[in-house]
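Enquirer: I have a structure here, written as structure tokens, and I will follow up with some questions on it.
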Amino acid sequence: MDTPSQAAAPVDLPPLLPQTERVMGQLIAAPALQAALAAVRRDDALTLADQIALSEIESPPFHEEKRAADFARRLRELGLTDVSIDAEGNVIGVRAGTGDGPRLVLAAHLDTVFAAGTDVKVRRDGDRYLGPGISDNARGLAVLLQILRALDEQRIATAGDLLFVGTVGEEGNGDLRGCKALFATDKAIDGFIAVDGVAVTRILANATGSRRYRVGYEGPGGHSYNAFGNPSATHALGRAIAAISEIQVPDEPRTTFTVGTVKGGTTVNSIAASAEMELDMRSDNGDELNRLEAGILPLLEAAAAAENRRWNAPADKQVKLVLTPIGDRPAGQQAPETPVLQAARAAQAALGIPLLKYSAASTDHNVPVSLGIPATTLGGGGAEGNNHTLREWYEPTQAWQGPQLTLLAALALVGMTGVSEPLLARRASRPTRPPQGV
């Protein structure tokens, strides 16, 4: 996640809705809410300690089990009794509401981009903490724990349910598999906030979708001199790349493409029998992403055909396309009136945090946004750098603002019993539950 410049101008958006301002005013005036915000700031060092401890448990792609078990343990120790790990590997802890209110997910991803065996020990260098994954996303997980700690300490009851979720597979080829599984199995979710990145001055309003393919070409190969005239897999790949590079895309909605990796062949004096590349296509708009994909995919087949025509290759000597989907992240857009976005903006204003970036990205919130479920991603607070590298660092500068922001937005959405009504509406039909105590 990128951190907006503090010199950036505030984002110009329509005023908050009167209902949003009323609910936020009720919350801010509540002594228990003020005590919870103070507790978050008081426990800043404890939140950081959780963050470091979680970061030092390796959680490589598709093998998040150790960190998941530890996160589940921590949720139970903070008083949640309804904690489970689902079939995909997500950790799900439910803090039940007192009435028949909405169901809001607070999520942070468990996985990192680092392979098993990576040294994830955190070391301190002045005010910075260095370690692979120390910020992305050990920070988000620690923020969820601090929110739960503050709610329970102040005995804050909510009308709606809060689900504390550690998701798997958010990074790279994980393809949001954890979040996809969550929404495939739980049809009663009404809203979603992911904590990812650190910038509290940023709200992700929309979801940047992506389609990814591994594009391979396979042919007869042969010696570069003796078999000259056989079609080449690398030449076909080159034709495809050249054709892709000429594609025109709109500036708005922002739409992009790239060939991210290329490999193939065996030696300098061989006609390549195989070659492949990885192709990434992105857009903030689902229809535009479909159009881009529909324009590029035929070029891949055409590249093989052109290479075969060049050498007049018989059927048994032809280069063939092998196309493998490796990623599908859905896109989506939301209106400024969407309750989750309203709550996030109101929480920023109440805490004196300027909104400097209102944008789109690709995170776990892509899944609910694409389904029409109000969602956003908020920052965990502090500063970060060199993410996705072994030199990743985190600095806890005013770090408490992250959990304060998500806590306040969440309470606005699910309602604080005896203080405010939920901004978030129930979208799913489910049995009415009798009122419960805290």
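The values are calculated or read from the model by the stated rules, or taken from the named source; none is laboratory data. Treat the numbers as computed from the prediction; the structure is a model and nothing was measured. Neighbour counts run over all protein chains shown; Cβ positions are idealised from the backbone, glycine included.
Enquirer: Given the options Leu106, Leu110, Leu141, name the one that is buried (at least 24 other Cβ atoms within 10 Å of the Cβ), in contact with a Lys or Arg (Cβ under 7 Å, 6 or more places away or on another chain) and not small (Gly, Ala, Ser).
Expert: Numbers: Leu106 fails: in contact with a Lys or Arg (Cβ under 7 Å, 6 or more places away or on another chain); Leu141 fails: in contact with a Lys or Arg (Cβ under 7 Å, 6 or more places away or on another chain).
Answer to the selection: Leu110.
Enquirer: Which ones in the stretch 354-388 are surrounded by fewer than 22 Cβ atoms within 10 Å (Cβ to Cβ) and closer than 23 Å to Leu37 by Cα?
Expert: Pro354, Leu355, Leu356, Ala383
Enquirer: Still on this structure: Out of the stretch 74-117, which residues are more than 22 Å from His365 (Cα to Cα) and hydroxyl-bearing (Ser, Thr, Tyr)?
Expert: Thr81, Thr98, listed by residue number.
Enquirer: Scan (1) among the small types (Gly, Ala, Ser); (2) closer than 28 Å to Pro422 by Cβ; (3) within 19 Å of the chain's Cα centre (by Cα) for the single condition Ala188 breaks and write down its number.
Expert: With (1) among the small types (Gly, Ala, Ser); (2) closer than 28 Å to Pro422 by Cβ; (3) within 19 Å of the chain's Cα centre (by Cα) applied to Ala188, the lone miss is (3).
Enquirer: When Asp12 is evaluated against the numbered criteria (1) buried (at least 17 other Cβ atoms within 10 Å of the Cβ); (2) acidic (Asp, Glu); (3) not in a helix (DSSP H, G or I), which criterion, by number, is the only one it fails?
Expert: Result: Asp12 passes all but (1).
Enquirer: Would you mind stating whether Leu292 is surrounded by 15 or more Cβ atoms within 10 Å (Cβ to Cβ), of a type in the set (A, V, I, L, M, F, W, C), assigned by TED's automatic domain parsing to the domain that holds Thr261 and out of contact with any helix residue (DSSP H, G or I) (no Cβ under 9 Å at 6 or more places or on another chain)?
Expert: Working: surrounded by 15 or more Cβ atoms within 10 Å (Cβ to Cβ): yes; of a type in the set (A, V, I, L, M, F, W, C): yes; assigned by TED's automatic domain parsing to the domain that holds Thr261: yes; out of contact with any helix residue (DSSP H, G or I) (no Cβ under 9 Å at 6 or more places or on another chain): yes.
Yes.
Enquirer: While we're looking at this one, here's another question. What pairs can you find where one residue is in the stretch 113-127 and at negative phi, the other is of a type in the set (D, E, K, R) and not in a loop (DSSP other than H, G, I, E, B), and their Cβ atoms are less than 8 Å apart, with a gap of 6+ or different chains?
Expert: Filtered contacts from the stretch 113-127: Asp127/Glu395.
Enquirer: List, please: which pairs have Cβ atoms under 6 Å, are six or more places apart or on different chains, and start with a residue in the stretch 386-415 that is in contact (Cβ under 8 Å) with a residue 60 or more places away in the chain and end with one that is of a type in the set (Asp, Glu)?
Expert: Between residues of the stretch 386-415 that are in contact (Cβ under 8 Å) with a residue 60 or more places away in the chain and residues that are of a type in the set (Asp, Glu), the close pairs are Asn387/Asp136; Tyr394/Glu384; Glu395/Asp127; Ala399/Asp44; Trp400/Asp44; Gly415/Glu421.
Enquirer: Which residue out of Arg22, Arg73, Arg67, Arg41 is part of a helix (DSSP H, G or I), of a type outside the set (Val, Ile, Thr) and either touching a strand residue (DSSP E or B) at 6+ places or on another chain (Cβ under 6 Å) or buried (at least 19 other Cβ atoms within 10 Å of the Cβ) (or both)?
Expert: On the way: Arg22 fails: either touching a strand residue (DSSP E or B) at 6+ places or on another chain (Cβ under 6 Å) or buried (at least 19 other Cβ atoms within 10 Å of the Cβ) (or both); Arg73 fails: either touching a strand residue (DSSP E or B) at 6+ places or on another chain (Cβ under 6 Å) or buried (at least 19 other Cβ atoms within 10 Å of the Cβ) (or both); Arg41 fails: either touching a strand residue (DSSP E or B) at 6+ places or on another chain (Cβ under 6 Å) or buried (at least 19 other Cβ atoms within 10 Å of the Cβ) (or both).
Among Arg22, Arg73, Arg67, Arg41, only Arg67 is part of a helix (DSSP H, G or I), of a type outside the set (Val, Ile, Thr) and either touching a strand residue (DSSP E or B) at 6+ places or on another chain (Cβ under 6 Å) or buried (at least 19 other Cβ atoms within 10 Å of the Cβ) (or both).
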